[in-house]
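Engineer: Dropping the structure in here first, questions after.
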Amino acid sequence: MVTSLRYENFRALEKYRISLSQFNVLVGPNNSGKSTILDGLRLLDGAYRFASRRKPQFLCLEDGTYQWGWAISPASLTVDIENVHTDYSDASSSITYHVARGRSLRLIFPRTGSPTLVMQTDGRIPKSPASVRELFPVSLAVVPTLGPLEREEVVLQSQYVMRSTRGHLAPRHFRNLWYHDKEGFSEFKKLLESTWEDASIQPPELPYLSTNTLAMFMTEKRMTREVAWAGFGFQVWIQLLTHIVKSRGADLLVVDEPEIYLHPDLQRSIVGVLRRLGPRVVLATHSVEIINEVEPSEIITVERNKSEGKRLTDLRGLEHAAQLLGSSQNTYLTRLARERRILFVEGKDKKLLQRFAAKTGHADMFDTGRLATIPVEGFSGQSRVKNAQWAFSNVLGEGMRVAALFDRDYRCDEEINELQTELRLCTDYVHILEKKEIENYLLVPDLIDRCISARLQIRVEHGGLATIPEYSVMELLDEATGPMRPMVKSQLGARKLEYHRWAHRDGSTYLLEIERTLDEEWQSIDKRMRWVPGKEVIAAINTICDERWGVSITVPQLANAIKVSEIDAEIQTFFADLQNAIFID
């Protein structure tokens, strides 16, 4: 998993660093370096594919040092490397890719000779392709630059088609791609039907025996025609969906300016599609519609006079991002005015809500621009919620529907009831979770067991483990959460005493009530999962699994793997109530 990149003397980036998270949207003016950053990932894709099938060698580098790595064939790279060197510099160019646990790969472009890919490890030197893939689990999928399809497309050799799908020839070989590799077509078809009204599509075929020209038919509003006769927007959309579906199994998906030829509605929709189906994403864009759809913390501004990509921290930062694109559009107010329905959530809860919504059939709440989701900092942000309705109605002259979702944290029932009563007077709907925080709804034993087993299976396949070890997920959860009991008890007690500080009652009585409740529920692992801090529990599980077997699980992995039957009834009821409260007139 690539976590960050460092560019040195690479084109216009003399020294530049960028860190990656789950969703990364690169924003900046023309010639700021966005494409250069993406080219760095494209180069890693080609170099790693070449290297991971070969044994590493002990190479002598241009500076006279020796390192383990590979001499990379330029033919394996889909990016032109003739102009990678920074102007007026005699130094070699390089890109360093940092991977988990302190390991990194460095792609070096000397002034003379072929590029090399070298390793920096934690002391272990992999001697086989399998051990290389284990130490450096890099898996990229690259969406090529897309454009209109060819009017006619003859059947080509399969190997040639697969090699061309990552480069500029991809639009010319679109029908061939599905003709030779039909895996995922049913998913692609359903995805198209759910995102393009009244449209469907069929696999490519050879309609005439006398010719080897492929045809691929689409239907829209009961009219059938070949895809070349559809609009350019439709042609680009089906290519985007194709590459997203084909990226399943990759760790990182690279997308460059997907908005070209797309209507603003589709530009907004692509964000929701990528969230539901894609792995981690790095996307470069000039579209204000796209930056309106993502969280500020997911936007990285790229400017040539900076030494690193700057990640935004709040909604106001969207204005700076829009200015870099040359837009005077007030993205903050535009988002609110367009949707007229607002859901206040805590911190980054929106990401998990989106995944739960997709599983329970409510994805359209977040994916189609119907709902503006605004983060607040926990209960301290409740004043923003209380004032929202008045502000929109009296200041902006707009009638807004306002809802709010808060974590329970360690607050007592009395405080929860009081807050709900207050907020119901100024919102259309408010819900406070019954469990500590939203991550607690991922603490499902069968789900955790399934995700750990999947990671262990990968370790076995890559040679890291001989067999899948035996373990008990219930014992694992008990080991991870058992030491948390004193902390949970003290937090619950502190919150209850704080709330009742003016009551004429002995504080020990409140503490005794908490002790009895916690004693009863702590005996059951399932009930215990209500009180423990969800994020910390997942971290504790990972510490144990990493120390024993070298594996870990992530919140996105859990969210993607959860079954509808495993989603708590409270969450499903929340979506139904939210729908009735702010979407039904």
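The values are calculated or read from the model by the stated rules, or taken from the named source; none is laboratory data. For clarity, every value in this text was computed on a predicted model and none was experimentally measured. Don't worry about glycine lacking a Cβ; one is built from the backbone with ideal geometry, like all the others, and counts go over all protein chains shown. Just the protein is used for accessible areas: all its heavy atoms, side chains included, with ligands, DNA and RNA removed. Shrake-Rupley method; radii C 1.70, N 1.55, O 1.52, S 1.80 Å.
Engineer: Can you tell me how many residues within region 44-99 are open to solvent by 30 Å² or more (accessible area, probe 1.4 Å), closer than 14 Å to T116 by Cα and small (G, A, S)?
Structural biologist: Residues meeting the conditions: 6.
Engineer: Something else about it: Among the listed residues V537, V532, which satisfies the condition of being closer than 26 Å to D446 by Cβ, assigned to a loop (DSSP other than H, G, I, E, B) and in contact with a Ser or Thr (Cβ under 8 Å, 6 or more places away or on another chain)?
Structural biologist: So the residue among V537, V532 that is closer than 26 Å to D446 by Cβ, assigned to a loop (DSSP other than H, G, I, E, B) and in contact with a Ser or Thr (Cβ under 8 Å, 6 or more places away or on another chain) is V532.
Engineer: Additional query: Restricting attention to region 519-528, does a residue exist that is touching a residue at least 12 places away in the same chain (Cβ under 8 Å), part of a loop (DSSP other than H, G, I, E, B) and open to solvent by 50 Å² or more (accessible area, probe 1.4 Å)?
Structural biologist: No; the residues of region 519-528 include none that is touching a residue at least 12 places away in the same chain (Cβ under 8 Å), part of a loop (DSSP other than H, G, I, E, B) and open to solvent by 50 Å² or more (accessible area, probe 1.4 Å).
Engineer: Output the number of the condition that L117 fails; it satisfies all remaining conditions of (1) closer than 18 Å to D39 by Cβ; (2) touching a Pro at 6+ places or on another chain (Cβ under 7 Å).
Structural biologist: (2)
Engineer: Taking the stated definitions as given, is S565 buried (at least 16 other Cβ atoms within 10 Å of the Cβ) and either aromatic (F, W, Y) or under 30 Å from I468 (Cα atoms) (or both)?
Structural biologist: Judged against the criteria, S565 is not a match.
Engineer: Can you name the condition, by its number, that L497 falls short on among (1) at pLDDT below 95; (2) closer than 30 Å to I582 by Cα?
Structural biologist: Among (1) at pLDDT below 95; (2) closer than 30 Å to I582 by Cα, L497 violates only (2).
Engineer: OK, next. I'm told N83 meets every condition in (1) outside any strand (DSSP E or B); (2) within 30 Å of the chain's Cα centre (by Cα); (3) not acidic (D, E) except one. Can you identify the failing condition by its number?
Structural biologist: N83 satisfies every listed condition except (2).
Engineer: Which residues, counting only those in region 123-164, are touching a residue at least 24 places away in the same chain (Cβ under 8 Å) and among the β-branched types (V, I, T)?
Structural biologist: Our first condition is that a residue be touching a residue at least 24 places away in the same chain (Cβ under 8 Å); within region 123-164, this holds for 125-155.
I125, V132, V138, V142, V143, T145, V154, V155, listed by residue number.
Engineer: On the given criteria, is E475 assigned to a helix (DSSP H, G or I), without any contact (Cβ under 8 Å) to a residue 40 or more places away in the chain, closer than 21 Å to L558 by Cβ and open to solvent by 60 Å² or more (accessible area, probe 1.4 Å)?
Structural biologist: For E475, the condition - assigned to a helix (DSSP H, G or I), without any contact (Cβ under 8 Å) to a residue 40 or more places away in the chain, closer than 21 Å to L558 by Cβ and open to solvent by 60 Å² or more (accessible area, probe 1.4 Å) - is met.
Engineer: What do you reckon, is R485 surrounded by 12 or more Cβ atoms within 10 Å (Cβ to Cβ), at pLDDT 90 or above and over 31 Å from the mean Cα position of the chain (by Cα)?
Structural biologist: yes
Engineer: From the list G361, G397, G378, which residue is surrounded by fewer than 18 Cβ atoms within 10 Å (Cβ to Cβ), under 26 Å from R340 (Cβ atoms) and at pLDDT 65 or above?
Structural biologist: The conditions single out G361.
Engineer: Still on this structure, please answer the following. Go through region 1-43 and report how many residues are open to solvent by less than 40 Å² (accessible area, probe 1.4 Å), closer than 30 Å to Q354 by Cβ and part of a strand (DSSP E or B).
Structural biologist: Total satisfying the criteria: 9.
Engineer: One residue is enough: does region 232-252 have a residue meeting the conditions acidic (D, E), closer than 30 Å to I458 by Cβ and open to solvent by 30 Å² or more (accessible area, probe 1.4 Å)?
Structural biologist: Within region 232-252, one or more residues are acidic (D, E), closer than 30 Å to I458 by Cβ and open to solvent by 30 Å² or more (accessible area, probe 1.4 Å).
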